[in-house]
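The values are calculated or read from the model by the stated rules, or taken from the named source; none is laboratory data. As the structure is a computational prediction, the values presented were derived from the model and not from experiment. All Cβ positions, glycine included, derive from the backbone under ideal geometry; neighbour counts span all protein chains shown. These area figures cover heavy atoms from the full protein model, side chains too; ligands, DNA and RNA do not enter into them. Shrake-Rupley method; radii C 1.70, N 1.55, O 1.52, S 1.80 Å.
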Amino acid sequence: MSKGPISQFIEKHYLHFNSAALVDAAKAYEEQLAKGAKMMVSMAGAMSTAEIGKIFSDIIRQDKVHIISCTGANLEEDIMNLVAHSHYERVPNYRDLTPQDEWDLLERGLNRVTDTCIPEHEAFRRLQKHIFKIWKDADDKGERYFPHEFMYKMLLSGVLEEYYEIDLKDSWMYAAAEKNLPIVVPGWEDSTMGNIFASYVIKGELKASTMKSGIEYMTFLADWYPKNCSNGIGFFQIGGGIAGDFPICVVPMLYQDMEMHDVPFWSYFCQISDSTTSYGSYSGAVPNEKITWGKLDMNTPKFIIESDATIVAPLIFAYLLDL
């Protein structure tokens, strides 16, 4: 398929520095797919609140991603946007807000993420009553699931349909649920739904064991990786932090701790980050540092795009979709 106008514009004008790295990374991603490699996309930051689902859902539907790692916030905030979009408020002058202004937002039930406020009642609480029923049903039956599996159950059950406020095709979580796409959610406890689940455990209404743990996510990934790496597995990292570091570590874990010495390194690596290289920073570490940890090979195609992921990721995805 020939490239569309967005891709043609990128190829014509994105020729140097970070823009050239964007093009190189996008073309190398395509090359990975062409040779039959599978791709992991990891998402940190508030990409769901930034409405990445408008384009990432098509990447999922067109099988250009095969497994996702994301923070608990990204897992839930895509669904929050689905059911409460009209109640979000944008604050374009967020840099000028005083502590009193911030307190006033809190009093109104608005939790700010940069220039966007998530409405607590319409988003968090609207989901809470439905997800609790699903948690409780599993708890009563002695069943256990991963955080993303509970979210899939909620989405596919139809209980949220009355609340939909955006086109369903713009929800990446719904697209993933339809495909039953594998997701790992390291540190899920550090999310609104994770906090809510913990509160029910503290109150004695749910058992902690009903929610599968991060260790179980790693053991799942340790099983998935060798079964899917025959043509390589690439790693496309949006942001940094645990969403990236957790899954990329499965390779050295398999090699060093499980002594599976035929497990290949990740076959591609790209990170979009505005974190500058600094002392001890994982997000700001250059890709070559990962060679020393047994994550990447010397010859692994490596790219780092130092820019805003909300600008870069949609452009790369547009290129992959031939837009």
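Give me the percent of the accessible area of segment 1-92 that comes from carbon and sulfur atoms, probe 1.4 Å, all protein chains in place. Answer for segment 1-92: carbon and sulfur cover 53 percent of the accessible area.
D by Stokes-Einstein for segment 62-144, Kirkwood Rh over Cα pairs, 37 °C, 0.692 mPa s: 218 µm²/s. Net charge dipole, segment 1-96: roughly 320 debye, given to the nearest 20, about the Cα centre with Cβ charges of +1 for Lys and Arg and -1 for Asp and Glu.
The chymotrypsin sites (Phe, Trp or Tyr not before Pro) of segment 254-323 that DSSP puts in a loop, and whose beta carbon has at most 10 other beta carbons within 10 Å, are Y279.
If R0 is 22 Å, the Cβ-Cβ spacing of S199 and K136 corresponds to a FRET efficiency of close to 0.95.
Shown is the FRET efficiency for E102 and Y164, computed with R0 = 41 Å from the Cβ-Cβ distance and rounded to the nearest 0.05: 0.85. Take the Cα radius of gyration of segment 237-323 and divide it by 2.2 N^0.38 Å, N being the number of residues; the result is 1.17.
R0 = 35 Å: FRET efficiency of S19 with R144, Cβ-based, nearest 0.05? After rounding to 0.05, the efficiency reads 0.15. Computed with every protein chain present, the accessible area of D104 is close to 70 Å² [probe 1.4 Å].
Each residue of segment 249-256 is assigned a 3J(HN,Hα), and the resulting list reads 6, 5, 5, x, 5, 5, 6, 8 Hz, derived from the Karplus form 6.51 cos²θ - 1.76 cosθ + 1.60 (θ = phi - 60°), x at Gly and Pro.
The stretch between M253 and I311 holds 17.6 nm of extra length on full extension. This uses 0.36 nm per residue minus the Cα-Cα distance.
Accessible area per residue was computed with a 1.4 Å probe on protein heavy atoms; K302 scores about 50 Å².
Dividing the helix sum by the residues of the chain, where each DSSP H run of 4 or more adds -39500 (n - 2.57), gives a mean residue ellipticity at 222 nm of -13000 deg cm²/dmol. In the elastic network of the chain, a GNM with C-alpha springs shorter than 10 Å, the most mobile of I79, I215, I67 is I215. Below 14 Å, Cα to Cα, which aspartates and glutamates can K290 reach? Residues fewer than 8 away in the same chain don't count. Qualifying aspartates and glutamates at Cα under 14 Å: D245. Converting the Cα gyration tensor eigenvalues of segment 1-96 into ellipsoid dimensions via √(5λ) gives semi-axes, longest first, of 28, 20, 13 Å. Rounded to the nearest 20, the size of the Cβ-charge dipole of segment 151-301 about its Cα centre is 220 debye, with Lys and Arg at +1 and Asp and Glu at -1. Shape class of segment 218-287 from the Cα gyration tensor (axes a ≥ b ≥ c, square roots of the eigenvalues): prolate, since a/c reaches 1.5 or more and a/b is larger than b/c. For the residue pairs K179/K227; K54/K136; K141/K179; K54/K133; K3/K227; K54/K295, the C-alpha atoms sit more than 22 angstrom apart in K54/K136; K141/K179; K54/K133; K3/K227; K54/K295. Only one residue of A34, I67, S57 has its Cα farthest out toward the positive end of the dipole of segment 12-130, where Lys and Arg carry +1 and Asp and Glu -1 on Cβ, and that residue is A34. The residue list L155, I196, I166 was ranked by how far each Cα lies along the charge dipole of segment 135-209 toward its positive end, using unit charges on Cβ atoms, and I196 comes out on top.
Considering every alpha-carbon pair of the chain, the percent of pairs per 20 Å bin, from zero through the bin containing the longest distance, is 30, 58, 11, 0. Label-to-label distance for L156 and N111 is 2.7 nm, based on points extended 7 Å past Cα in the beta-carbon direction. Excluding ligands, DNA and RNA, the accessible surface per residue across the chain is 47 Å² with a 1.4 Å probe. Averaging over all projection directions, the Cα-based convex hull of segment 98-191 occupies 7.8 nm² in the image plane.
Computed about its Cα centre, the charge dipole of the chain is approximately 600 debye, with only Lys, Arg, Asp and Glu carrying charge at their Cβ.
In whole angstrom, how far apart do the alpha carbon centroids of segment 72-102 and segment 164-214 sit? Here the answer is 19 Å between Cα centres.
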